[in-house]
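For reference, the structure discussed in these notes is given below.
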Amino acid sequence: MKVGFIGLGNMGFPMALNLMKAGYEVYGKNRSQGKEQAFAAEGGRTGLSPAELAARMDVVVTCLPLPADVEDVYSGPEGLIANARRGLVLIDCSTVSPGLSRKLYAKACEAGADFLDAPVSGGTTGAEAGTLSVMVGGREDAFNRVRSVLAAFGKSISFVGDAGSGSAVKLINQLMVGIHTLAVGEAFALARQAGLEADQLFGILNHSFAQSKIMERHYTQFIAKDAFEPGFALKLLAKDMNLAADMGAEAQVRLNAGKKAQALINQAVQEGYGDADMSGMYKYQETEDRKRRESGERKHFAVFLPMLDAEKSARYRAEHLQFLADNRAAGRLHTNGRFVDGAGGLVIYRGSSLEEVERLVKQDPYVKLGARGYEIHEWEIVLADN
Ligand code: NAD
């Protein structure tokens, strides 16, 4: 059986190698050439475009970073769907929204092909060992036809229902991964400040109710080594938390802890931690704590955002409010509100210096995109009941 594999990254590369080890003829495709050369050096075949793979393979697996990359590879005249031969099974192992999986499924069916959303869990170690957990949505007969392909990189393989349900299960997994990641970061930062020995603490927690796969992974592979090369990049976890938040909003289920985790993870990405492994949330926690301890008393800064362009203000309002929500979750916001006469708004930040707050204000979409100007003053709060 001929298998195409698009996206030879941290996950895709070892998954494609395992397909080869299982005896499949595997054709690899990646955006950057280096990965394809490394794949060829391991005995893999290369040189076919997505359109050629769709026309010539029995199965094409994709493992791509962002939903936009997945859309790109599947859609358009040069994409997998437009060029799919009848009977082709497309398997998307990327983490995307259930909505996107359902859309690609419908288009693939129209083109006479089949599509399975088959996101994976278990990290790069699971991908290398061929022990991933695979959760699959789509048509069960297509699933049964490619079960042995999935078994080349997966150990726990579950068919969970209609198209999109594999992606839904994966996002629920990621919601918990995000919350556990924050728990681990906070726990080990607290332990360090409390003067506890980290290896011993890990040994105890690992045999207590605090135990989790995420703690084991984050501590043994990253925190204990003080090395945060991914693994699983924090920016991808931010993507997953945003998708999980959308799923919660759609289902009208409040994700209280999840939203807090989402905001903090997005904040860490904005602060430059996006390319670190997700366990880097520990490093972010520690760095932020140290900054706060060193800067001593936190001051308040009143930021007036005078109206420059009412039309742009209306257009970018949602992004501005998300920006404020992220800063609120990170403890940087005291209060905010808008002037009802349309003159603009006022945001009270907490920070250690005017420069630090100004750097932040310049990232506000309102300011960045020219909807509002800004004026900053350090502000001494005098509460009425003091
Ligand atoms: P990665 O960034 O390491 O790899 C993605 C690869 O896809 C890169 O090599 C990139 O060059 C390639 N690529 C991007 N766009 C492309 C295109 N248009 N055509 C061909 N190649 C393209 O990401 P990863 O960590 O391997 O994650 C891939 C997917 O799997 C993501 O959706 C992620 O959320 C999910 N995932 C990752 C892990 C993990 O631990 N890393 C675990 C489970 C699921």
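The values are calculated or read from the model by the stated rules, or taken from the named source; none is laboratory data. All values derive from a computational prediction rather than experimental measurement. Here Cβ is always computed from backbone atoms with ideal geometry, including for glycine, and neighbour counts include all displayed protein chains. With ligands, DNA and RNA removed, areas are computed over all heavy atoms of the protein, side chains included. Shrake-Rupley method; radii C 1.70, N 1.55, O 1.52, S 1.80 Å.
Summary of computed values
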item	result
Nearby lysines by direct alpha-carbon distance to Lys2 (threshold 16 angstrom, same-chain neighbours under 8 apart not counted)	Lys21, Lys29
³J(HN,Hα) computed for each position of segment 201-214 - Karplus, 6.51 cos²θ - 1.76 cosθ + 1.60, integer Hz, glycine/proline x	4, 4, x, 6, 4, 5, 10, 10, 5, 6, 4, 7, 4, 5
Estimated inter-spin distance, Arg298 and Asp141, nm [label 7 Å along Cα→Cβ]	6.0
Other-chain or far-sequence residues with amide H under 5 Å of Glu25's (modelled H)	Val3
Amide H within-cut-off set for Gly161, under 5 Å, with H built and near neighbours excluded	Gly138
Fraction of accessible area attributable to carbon and sulfur, the chain (%, probe 1.4 Å)	52
Per residue accessible area of segment 1-139, 1.4 Å probe, in Å²	39
Spacing of the two label points (7 Å from each Cα toward its C-beta) at Met1 and Thr131, in nm	2.4
5 angstrom amide H check on Leu132, placed H, neighbours 5+ away	Gly154, Lys155
Gap separating the Cα centres of segment 113-189 and segment 223-260, nearest whole Å	15
Segment 297-379, relative contact order [Cα under 8 Å, separation at least 6], %	51
In order through segment 305-320: 3J(HN,Hα) via Karplus (6.51 cos²θ - 1.76 cosθ + 1.60), integer Hz, x for Gly, Pro	10, x, 5, 10, 8, 5, 5, 5, 4, 5, 5, 9, 4, 4, 5, 4
Segment 73-78 - phi-based ³J(HN,Hα) in whole Hz, Karplus 6.51/-1.76/1.60, Gly and Pro as x	6, 8, 9, x, x, 9
Formal net charge of residues neighbouring Pro65 (Cβ-Cβ distance under 10 Å; K, R +1; D, E -1)	+2
Segment 314-378, accessible area per residue, ligands and nucleic acids excluded (1.4 Å, Å²)	52
Over the chain: helical MRE at 222 nm, DSSP H runs n ≥ 4 each giving -39500 (n - 2.57), nearest 500	-15000 deg cm²/dmol
Cβ-derived FRET efficiency at R0 30 Å, Ser75 paired with Ser158, nearest 0.05	0.60
Size of charge dipole - segment 169-294 - debye, nearest 20, with Cβ of Lys, Arg +1 and Asp, Glu -1, no other charges	260
Cβ-Cβ FRET estimate between Asp341 and Leu369, R0 fixed at 35 Å, reported to 0.05	0.95
Share of Cα-Cα pairs in the chain lying beyond 37 Å, as whole percent	33
Shape call, segment 323-379: gyration tensor on alpha carbons, a/c limit 1.5	rounded
Whole-angstrom gap from segment 44-103 to segment 303-372, using each part's C-alpha centre	41
Gained length - Arg359 relative to Ala82, 0.36 nm times residue gap less alpha-carbon distance	95.1 nm
Unit charges on C-beta of K, R, D, E only; dipole of the chain, Debye	580
Candidate aspartates and glutamates - alpha carbon under 12 Å from Lys291, same-chain residues fewer than 8 apart omitted	Glu356
